[in-house]
Structures are given as C-alpha cells and as structure tokens.
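Structure, as structure tokens:
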Amino acid sequence: MKPSTLRIGYRYRPNRLAPEYDALVIGSGIGGLTTAALLSELGWKVCVLEQHYTAGGYTHSYDREGYEWDVGVHYIGDVGVKTRTRKLFDFLSDGKLEWAPMDEEYDRFYVGDKVFCARAGKQEFRDNLVKQFPAEEKAIDRYMQLLAGVGGALQMIAMERVMKPWQKALSGPYRKWKTPDHIYRKTYDVLSELTDDQDLIATLCGQWGDMGLPPKQSAFIVHAMIARHYLYGGFYPVGGSWRIADSIIPKIQKSGGEVFTYASVKRILVENGEVQGVEMSDGHRIECPVVISSAGIDNTFCHLLPDDVVKATSYDRQMEQVQPSMGHIGIYIGLQKTAEELELPSTNFWIYPSNDYDGAVQAFMEDANAPFPVVYVSFPSAKDPDYLNRHPGTATIEIVAPAPYHWFEQWKGTTWGKRGEEYEQFKAELGERLMRHLYDKLPQLEGRVDYYEVSTPLSTEWFSGYQRGELYGLDHTPERLQQDWLGPRTRIPGLWLTGQDTLTCGVTGAMMAGMLTVTAMVGMRKISPLMKRIYG
C-alpha cells in the first residue's frame with residue numbers, strides 16, 4: 001500500500017524552530033489554524049504543532065492508488081453568499097478558497113422503505129417539506145420559526161464563551177432572559193410538541209449524523225444550528241478539502257510563524273502553576289508562555305497536562321461531566337470511471353433502517369449484527385469540479401457509519417497497517433456490510449469498484465489523536481452545552497483552548513471557536529479593528 005503524497009505543512013525538526021514564539025498551538029484542525037491565523041494578523045508569531053504527516057485535522061485529504069478522498073469535510077453550508085461564515089473563510093484564505101454548490105437536493109434520506117429529501121433555499125426547504133407532509137404545514141411553519149429564533153441564542157452562547165468569570169456572573173440574568181429554555185432540551189422532545197408524525201420528525205432529524213447523536217439524546221440548539229447551516233444548501237471546496245489548510249497556512253507564515261507536521265507534543269509544561277511551553281515526543285522543549293490547545297478537551301486535560309495540575313484546578317472532576325462522541329467506520333472507494341459516467345450525484349445519501357433513530361442506535365450498541373443505525377454516503381469527486389484535473393478518468397465515494405470504540409479496543413496501541421489478520425478480517429466484514437448499502441442504492445456500481453479501504457476508530461486515533469476515535473469531540477448533549485467551563489479560558493495561566501469542544505462540532509463550529517479564542521485572548525478593543533476588516 002503506497003503512502004499518501006498529499007502533505008501540507010513543514011516537517012518538524014528542532015533546528016527548524018524559531019528562537020522564540022509568541023504562542024504555540026497544539027493541533028492543526030480548523031480551530032487551531034483559525035486561531036493561529038488571526039493571531040498572526042495581529043502581529044503574533046505562532047507555531048502550530050501537528051502530530052500527523054499533514055496539516056488540517058479533519059479538513060485534510062489523502063491520496064492513494066491514484067485516488068483522493070477527504071476525511072471530514074463532506075459538505076459545508078452557509079458559504080453560497082457573503083455570510084459571516086463565508087467572509088471569515090475568505091479572510092483566512094485571502095479569497096483563495098472557492099466553493100462549488102451541490103445538487104439542489106443536497107441531502108436524501110432513505111428511512112426504511114420511504115425516501116425524503118432536503119432542498120436548498122429557505123423557502124424551497126419549507127415548501128418541499130410541506131409537499132412531502134401536506135397535513136403538517138402548521139407544524140413545519142412552527143419549526144421554521146424555531147430555527148429563526150435560535151440565531152440570537154447562538155450569539156448569546158458565543159458571547160458567554162469569551163466572558164471573564166465576573167462578566168458571566170454580572171450578565172447571567174440578562175443572558176437567561178435572552179436564551180429560550182427549549183434550546184437546551186432534547187431535540188425529540190421539542191419536535192414531538194410540534195407534530196406526532198414520526199416520519200416528519202425523522203426527516204427533520206435526518207442530518208443527526210452531522211453531530212453524532214440521535215434526537216432523543218441531542219441538544220435542540222445543536223440540531224437547530226446544523227439545520228440552519230444547510231438551509232441554503234451544501235457546498236464543497238473546489239480542489240478538495242485539503243485546500244482549506246493549504247490556503248490558510250500562508251497567513252500564519254506571514255508573521256514569521258509556521259505549521260509543523262510530524263510534531264507530536266508529549267506534554268504541556270507547567271511550572272509554579274503557569275504554562276512554560278511544551279515538551280515534544282523527542283524530548284525537545286519549546287519554551288513559550290502561551291499555549292493554545294486544539295487537541296480536544298480529553299487530550300488536553302487527561303493526557304497532555306500533569307495530573308497534579310489538573311487536580312489542583314478541579315478539571316478532573318469536571319471531565320466527569322462530559323463524554324466523547326461515538327467512533328466511526330469510513331469506507332474510501334475508487335472507481336475507474338468518472339462520476340458523470342457512473343451517474344453519481346452530488347447529493348448525500350443518509351440510509352436508516354427505520355424512523356426510530358434512537359431505537360436503531362440502541363439495538364446496534366447491544367448487537368453488532370443489528371443494522372447500522374445510519375449509513376452516510378458521499379460522492380466527493382462529483383462535488384468537486386476540479387477533481388478530474390487532478391485524477392482524470394476516475395471517481396470516488398465515501399461511506400461513513402458509527403462504530404463503538406470498544407469493538408476495536410483489543411488492538412489499542414498497535415501500529416497502523418500492522419494490526420494483524422484478525423483485525424483486517426473484522427474490518428473487511430464491516431466493509432462488506434456497508435458496501436451492500438451502496439450497491440442497494442446504486443446497483444450500477446456493483447462489479448465496477450477498483451479499490452476500497454476501511455478505516456476504524458483506531459485509524460482516527462492514530463492520525464487525528466482522538467483517544468476514543470471520536471469524530472465530533474464531546475457528545476453534544478444538553479448537559480455538555482451547559483458546561484460553562486467549556487470555553488477558550490482555563491484556570492491555568494497561559495493555557496487556552498480552541499476547536500469544536502469549546503463551542504460546537506463541525507468545520508464552521510470549530511472555525512468560529514478560533515475567532516472566540518482570539519477574542520478572549522486579546523480582548524474586544526484589540527480584536528474589533530480586525531473584525532471590521534473581516535466582516536465590513
């Protein structure tokens with residue numbers, strides 16, 4: 001198996017480091033890159049340390065056997081016009097990121113033997129739902145009102161994340177007044193008050209895989225955030241998801257900073273209660289009074305910090321209040337025909353055994369032979385108009401499905417690519433099960449697949465550093481969303497946090513977390529001129 005050659009960043013060597021940096025960032029996911037790029041724009045020299053061979057975190061791509069796949073950016077919303085999301089992407093990339101719209105029907109939901117869909121455009125989305133569920137027009141309109149009313153709550157949550165403790169205490173009554181109670185309720189509980197139609201609820205929750213929790217467990221605020229994000233359709237970065245990191249890194253370098261790969265951080269150095277820098281896996285120390293962790297909450301407090309520091313600051317107890325999201329299996333497929341020749345859409349497929357999403361998850365957790373509770377199928381080569389310029393005459397498909405980490409725990413600590421025949425056989429069986437879903441929906445593909453490989457939660461752990469192979473960081477439960485310690489600030493002087501665990505999941509959530517981290521670090525007075533340049 002040939003290694004990937006698609007690599008972004010500068011390979012770490014101690015002698016390649018600058019004599020000093022203003023800040024160190026652990027992890028080069030979009031949250032870490034955004035934080036580093038915005039600080040660089042303010043004149044900071046920032047060093048980003050990435051343990052993988054390529055930068056980008058879940059936005060990275062890899063190529064193998066003449067094909068190329070993304071690993072996390074299956075589609076992005078809210079970038080078709082000059083929204084705040086699009087403006088921040090444009091600023092970070094100096095306008096070098098282009099976005100290709102997906103099909104008007106961007107998400108298709110196979111729910112048992114029924115098929116529903118989501119269409120691009122706020123009015124089109126609403127009218128399409130009414131067409132599918134004509135008896136539920138009032139419930140659908142009320143749902144659209146709930147989505148519209150969530151915007152203010154999202155801003156309030158973001159504002160809270162950058163406040164100092166005394167500011168939170170002072171503004172508490174106002175924030176509570178401005179925050180609707182239903183946003184922290186379970187998604188299913190909110191929707192079941194609008195309608196009894198379980199197919200409609202299933203359609204509204206058809207994107208639950210985008211946060212990793214079914215509707216009876218997830219917080220409505222996160223459901224609403226995702227639904228709002230895609231109201232105007234899905235988009236894909238022209239040139240592939242690796243272009244995101246590739247276009248942001250020059251902004252970090254402009255102020256003398258750098259993004260290093262193969263740069264594994266062993267521990268965050270804390271002396272006399274304050275951050276002093278990091279120790280690398282090769283034993284080299286990088287001295288710096290400011291460290292920003294984009295490595296995830298669990299990695300930061302359970303693996304990178306000294307135990308006595310974590311206990312002294314009570315983070316050990318607070319970590320008991322959150323839990324990691326579920327792991328996943330990925331299937332990466334290559335075909336020796338183009339997407340057009342194979343009649344591949346740029347629509348995502350979501351395949352469910354029934355409209356009881358939570359019941360299906362429970363059955364699957366109890367019995368590995370039960371149907372997968374969700375199977376997501378994506379067609380990246382059909383979404384990217386530049387794909388054939390890089391890989392002529394070919395097409396790619398990706399399948400993602402949940403998989404508990406404990407299925408693979410017996411192989412924890414083994415080396416990628418060398419985990420033994422039993423592991424490979426288990427992977428192959430899971431892969432074959434998921435490929436049947438693909439052939440069931442697109443029978444013309446059977447016998448035409450040239451190459452495919454299977455990733456597991458151990459692959460995620462190996463390449464992305466998440467200890468339980470989780471895709472979305474912390475589970476997005478109502479309890480997690482109300483943990484006021486989850487934000488950029490920490491009780492350890494010099495240590496800051498960024499990424500999806502400090503706000504919400506997804507590329508856009510992690511990117512906005514980067515903005516919040518910088519705001520918390522430098523204050524509104526210093527960030528305001530930069531925000532005016534970004535947003536106008």
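The values are calculated or read from the model by the stated rules, or taken from the named source; none is laboratory data. All values reported here derive from a predicted model rather than from experimental measurement. Glycine also receives a Cβ, built like all others from the backbone with ideal geometry; neighbour counts cover every protein chain displayed.
Observations, loosely collected:
- Residue among 16, 108 that alone is basic (Lys, Arg) and within 30 Å of residue 355 (Cα to Cα): 108
- When residues of the range 360-391 are limited to those that are part of a helix (DSSP H, G or I) and out of contact with any Ser or Thr (no Cβ under 7 Å at 6 or more places or on another chain), the one farthest from residue 237 (Cα to Cα): 366
- Test result for residue 315, of a type in the set (Phe, Trp, Tyr) and closer than 30 Å to residue 391 by Cα: no
- Selection from the range 173-184 of residues that are surrounded by 13 or more Cβ atoms within 10 Å (Cβ to Cβ), over 23 Å from the mean Cα position of the chain (by Cα) and either at pLDDT 90 or above or assigned to a helix (DSSP H, G or I) (or both): 175, 178, 182
- Selection status of residue 225, at pLDDT below 95 and not hydroxyl-bearing (Ser, Thr, Tyr): yes
- Test: residue in the range 207-216 that is of a type in the set (Lys, Arg) and in a helix (DSSP H, G or I): no
- So residue 256, is it surrounded by fewer than 17 Cβ atoms within 10 Å (Cβ to Cβ) and touching a helix residue (DSSP H, G or I) at 6+ places or on another chain (Cβ under 9 Å): yes
- Scanning the range 408-423 for residues that are within 27 Å of residue 397 (Cβ to Cβ), charged (D, E, K, R) and surrounded by 12 or more Cβ atoms within 10 Å (Cβ to Cβ) yields a single hit, 419.
- Single residue of the range 117-150 satisfying the filter (over 26 Å from residue 102 (Cα atoms) and either of a type in the set (Lys, Arg) or in contact with a strand residue (DSSP E or B) (Cβ under 8 Å, 6 or more places away or on another chain) (or both)) that is surrounded by the fewest Cβ atoms within 10 Å (Cβ to Cβ): 138
- The residues of the range 426-466 that are in a loop (DSSP other than H, G, I, E, B) and free of Cβ contacts under 8 Å to residues at least 12 places away in the same chain, listed by number, are 446, 447.
Here is a yes/no grid of residues against (1) crowded, with 18+ Cβ neighbours inside 10 Å; (2) among the charged types (D, E, K, R); (3) assigned to a loop (DSSP other than H, G, I, E, B):
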{"residue": "479", "(1), (2), (3)": "no, yes, no"}
{"residue": "492", "(1), (2), (3)": "yes, no, yes"}
{"residue": "516", "(1), (2), (3)": "yes, no, no"}
{"residue": "520", "(1), (2), (3)": "yes, no, no"}
{"residue": "525", "(1), (2), (3)": "no, yes, no"}
{"residue": "528", "(1), (2), (3)": "no, no, no"}
